[in-house]
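A quick write-up on the structure given underneath.
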């Protein structure tokens, strides 16, 4: 069976990416899509910060909001690709149906369905990595008092624990899937507000 990335490997890759300038990813394989998901989460984070500004022209905030939409769509697309690669490697999906809206699961009898997909778990691990990096910066600030730094240090500890716990759950899900005890599915996001054919406001604009 194809070797799949452990949570430790993913977390190390996430942290290494955050230590360098953001670079857009042209993804073609599982590791590429994991990196792309992290890039779009990182880009979302930056745009969300900028969108909260109050002393810039409204046009700047509109540009931030539209960038948020683009990165959020790309982030969700990456989650779906991650799940497709993982399920294919685990032998839990019919490859002929993979690109459809309803990929067909091929799972052993008695396996439990996990409500969250492995790709969604990696997405949450990515976001926790961003929170950890941002909270760590707060603990190093010199323009705030000691109470602020202490509060952020406690939050940093909790966030690190949350990421470790989620990573362990991801590893356990893959182990159970390999053993035939559990499975997950590709869940399509169907972001209707980004589709001009499905968003009622955009349909009304065209009419």
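The values are calculated or read from the model by the stated rules, or taken from the named source; none is laboratory data. Quick caveat, the model's predicted, so the values are computed rather than measured. Cβ sites come from the backbone with ideal geometry, for glycine too, and all protein chains shown count toward neighbours.
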Residue pairs qualifying under the 8 Å Cβ cut-off, at least six apart or on distinct chains, with the first in the range 59-85 being on the phi < 0 side of the Ramachandran plot and in a helix (DSSP H, G or I) and the second being buried (at least 21 other Cβ atoms within 10 Å of the Cβ) and modelled with pLDDT under 95, are 80/186; 83/186; 84/93; 84/103; 84/186
Of the residues 21, 5, only one is over 12 Å from the mean Cα position of the chain (by Cα), without any contact (Cβ under 8 Å) to a residue 60 or more places away in the chain, within 16 Å of residue 81 (Cα to Cα) and not in a helix (DSSP H, G or I); which?
5
Suppose we filter 118, 109, 153, 99 for residues that are closer than 24 Å to residue 184 by Cβ and over 21 Å from the mean Cα position of the chain (by Cα); which single one remains?
109
Confirm whether residue 156 is free of Cβ contacts under 8 Å to residues at least 60 places away in the same chain, surrounded by 15 or more Cβ atoms within 10 Å (Cβ to Cβ), assigned to a helix (DSSP H, G or I) and in contact with a strand residue (DSSP E or B) (Cβ under 8 Å, 6 or more places away or on another chain).
no
Check the range 186-198 and report whether any residue there is in contact with a helix residue (DSSP H, G or I) (Cβ under 7 Å, 6 or more places away or on another chain), part of a helix (DSSP H, G or I), over 20 Å from residue 85 (Cα atoms) and at pLDDT below 95.
yes
Quick check: is even one residue across the range 117-130 at pLDDT 95 or above, crowded, with 19+ Cβ neighbours inside 10 Å and not in a helix (DSSP H, G or I)?
yes
Considering only the range 185-201, state which residues are exposed (fewer than 11 other Cβ atoms within 10 Å of the Cβ) and over 17 Å from residue 72 (Cα atoms).
197, 200, 201
Criterion: surrounded by 16 or more Cβ atoms within 10 Å (Cβ to Cβ) and closer than 20 Å to residue 160 by Cα - qualifying residue of 71, 40, 14, 31:
14
I need the full set of residues from the range 123-153 which are closer than 15 Å to residue 44 by Cβ and free of Cβ contacts under 8 Å to residues at least 60 places away in the same chain, in order please.
124, 128, 131
Check off (1) farther than 17 Å from residue 174 by Cβ; (2) surrounded by 11 or more Cβ atoms within 10 Å (Cβ to Cβ) for residue 54 and give me the number that stays unchecked.
(2)
Those residues of the range 86-104 which are in contact with a helix residue (DSSP H, G or I) (Cβ under 8 Å, 6 or more places away or on another chain) and either over 23 Å from residue 26 (Cα atoms) or assigned to a helix (DSSP H, G or I) (or both), in sequence order
86, 88, 89, 90, 92, 93, 95, 103, 104
